[in-house]
């Protein structure tokens, strides 16, 4: 089963070529037209990152150029193909990463290299339905559990079969089967099974309701396997000048994994008083509680949540044993075409048998300036300040961390 999806993709591609070589001249003409009438896309991203953790390592410095080139074919009897090639070149590599780098420097998770980032076959022959087979990004809801980790330069994609149906008014149904995760480290993780179900209803004006279930079965057969069943509900709304989001997720045992009894809660409430957007939020992720394991945020875009200094990425994989309570406030405005966002976080633990104390607080600043329709500049600064009070008898597992990132992105 490891290569089930990959085999199906190559089988579908082979079928297209067989049809093209053995069918009538009209069919060959249709196939040729589909291949020629497609659309190419190119994305270039220049990125500089500086990272300094207050530990024994030296600061990390990086300058990289990412290139992505894709091609979407035209329609051939309700089928179409898309492929995207990815290259990351680190011109300045004074940092440590999963593939090596400089061991005495801080970690930046961007090894350079090449990959086929996307390669999938779409079928649109069913009413209001897209069947997608192959290597693809999967981003569900706000990417809190399934995402493309788009902030990291290599990104994350999945070898999968997915079905999206919109045949019922205001209802989007998504189902997927994944057997391989292509990671930001340019490696891959084989899975026995990963089943995805997500339903989103938008029939209430200015509101959306999602319910979901994700069943993860890794290749491990040990009791400590990551295997889990994750169920949840999410509600978002924008009534008038206000906006809010609420989601609750429960995680239990599935397949070989044992001792999953964890949950996650996210709350946000905000408002817009032109030209200022502001809001407050709370995020809770359970940690180790006796034999019960910490909550696992699966294959999420974790950078998007709980501070841009990335102190709590171990929630992916269920590695944050003390748990987390994140109280935060944000304010954003746009002035002279420049969007400015400032976010403040106060991080506390939850499980007192692991770390009974406050992690610290963090200030994040994001500046985005569109230069043209195709060109955008982004600057992001994150400063996490550790709470060094150890009167509770536990050593704080975090350290002061400062990250500055500047990116120039061009797409056409």
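Counting only strands (runs of 3 or more DSSP E) that fall entirely inside the range 34-111 and contain at least 1 residues that are closer than 21 Å to residue 314 by Cα, the qualifying elements are 39-53, 60-72. The residues on offer are 55, 104, and the sole one that is under 21 Å from residue 308 (Cα atoms), over 20 Å from the mean Cα position of the chain (by Cα) and surrounded by fewer than 18 Cβ atoms within 10 Å (Cβ to Cβ) is 55. Residue count for the range 255-264 under the criterion of being surrounded by fewer than 19 Cβ atoms within 10 Å (Cβ to Cβ) and under 25 Å from the mean Cα position of the chain (by Cα): the result is 3.
Filtering the range 265-307 to residues that are surrounded by 20 or more Cβ atoms within 10 Å (Cβ to Cβ), part of a strand (DSSP E or B) and free of Cβ contacts under 8 Å to residues at least 60 places away in the same chain leaves only 283.
Of the set (1) over 20 Å from the mean Cα position of the chain (by Cα); (2) outside any strand (DSSP E or B); (3) farther than 30 Å from residue 225 by Cβ; (4) touching a residue at least 24 places away in the same chain (Cβ under 8 Å), all apply to residue 372 but (4). In summary, strands (runs of 3 or more DSSP E) completely within the range 136-245 and bearing 2 or more residues that are closer than 30 Å to residue 291 by Cβ and modelled with pLDDT of 95 or more occur at 171-182, 188-201, 207-218, 228-237.
Might you let me know whether the range 123-131 holds any residue that is modelled with pLDDT of 95 or more and surrounded by 20 or more Cβ atoms within 10 Å (Cβ to Cβ)? The answer is no, given that none of the residues of the range 123-131 is modelled with pLDDT of 95 or more and surrounded by 20 or more Cβ atoms within 10 Å (Cβ to Cβ).
Residue pairs whose Cβ atoms lie under 9 Å apart, separated by 6 or more positions or on different chains, with the first residue in the range 383-407 and at positive phi and assigned to a loop (DSSP other than H, G, I, E, B) and the second at pLDDT below 85 and surrounded by fewer than 16 Cβ atoms within 10 Å (Cβ to Cβ), are 393/356. So which residues in the range 218-252 are out of contact with any strand residue (DSSP E or B) (no Cβ under 7 Å at 6 or more places or on another chain) and more than 20 Å from residue 141 (Cβ to Cβ), if there are any at all? Passing the criteria: 220, 221, 222, 224, 240. For the range 330-353: of the residues being in contact (Cβ under 8 Å) with a residue 60 or more places away in the chain and surrounded by fewer than 18 Cβ atoms within 10 Å (Cβ to Cβ), which is nearest to residue 292 (Cα to Cα)? Across the range 330-353, the extreme among qualifying residues is 353. Taken over the range 382-412, residues that are surrounded by fewer than 18 Cβ atoms within 10 Å (Cβ to Cβ) and under 21 Å from residue 66 (Cα atoms) amount to 7. Considering the conditions (1) under 21 Å from the mean Cα position of the chain (by Cα); (2) at pLDDT 95 or above; (3) under 22 Å from residue 310 (Cα atoms); (4) surrounded by 20 or more Cβ atoms within 10 Å (Cβ to Cβ), residue 45 is excluded by exactly one of them, (4).
State yes or no: is residue 134 buried (at least 19 other Cβ atoms within 10 Å of the Cβ), in contact with a helix residue (DSSP H, G or I) (Cβ under 6 Å, 6 or more places away or on another chain) and at positive phi? The answer is yes for residue 134.
The values are calculated or read from the model by the stated rules, or taken from the named source; none is laboratory data. Being a predicted model, the structure only gives us computed values, none of them experimental. FYI the Cβ positions are ideal-geometry reconstructions off the backbone, even for glycines, and counts take in every protein chain you see.
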